[in-house]
């Protein structure tokens, strides 16, 4: 396995995703009312925001690349 390397591009992209996801969670009612089914989908939209925060943190710490490499090694047995 390749060692962990820091990448400024993925760090800032991850922070941008986290920031957008936090704003999405803050205004989730607006998005649910206008794009979803209203009050019935409030919790679902908050869950999507939390998933995006997790993805952004994985991307910012470059762990997404490590997990992806591990998954490819498991699938293709290299």
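The values are calculated or read from the model by the stated rules, or taken from the named source; none is laboratory data. None of the values given here were measured: they were computed from a predicted structure. Here Cβ is always computed from backbone atoms with ideal geometry, including for glycine, and neighbour counts include all displayed protein chains.
Looking only at the range 4-14, decide whether some residue is surrounded by 13 or more Cβ atoms within 10 Å (Cβ to Cβ), outside any helix (DSSP H, G or I), within 13 Å of the chain's Cα centre (by Cα) and modelled with pLDDT under 90.
If we filter the range 4-14 for residues that are surrounded by 13 or more Cβ atoms within 10 Å (Cβ to Cβ), which is where we start, we get 7, 10-11, 13-14.
Among the residues that remain, those that are also outside any helix (DSSP H, G or I) are: 7.
Within this subset, residues satisfying the condition of being within 13 Å of the chain's Cα centre (by Cα) are none.
Within the range 4-14, not a single residue is surrounded by 13 or more Cβ atoms within 10 Å (Cβ to Cβ), outside any helix (DSSP H, G or I), within 13 Å of the chain's Cα centre (by Cα) and modelled with pLDDT under 90.
Taking residue 31 as the residue in question, decide whether it is exposed (fewer than 14 other Cβ atoms within 10 Å of the Cβ) and at pLDDT below 90. Full working, then the answer.
Numbers: exposed (fewer than 14 other Cβ atoms within 10 Å of the Cβ): no; at pLDDT below 90: yes.
Spelling it out, it is not the case that residue 31 is exposed (fewer than 14 other Cβ atoms within 10 Å of the Cβ) and at pLDDT below 90.
If residue 71 meets every condition in (1) at pLDDT 85 or above; (2) touching a helix residue (DSSP H, G or I) at 6+ places or on another chain (Cβ under 9 Å) apart from one, which number is that one?
(2)
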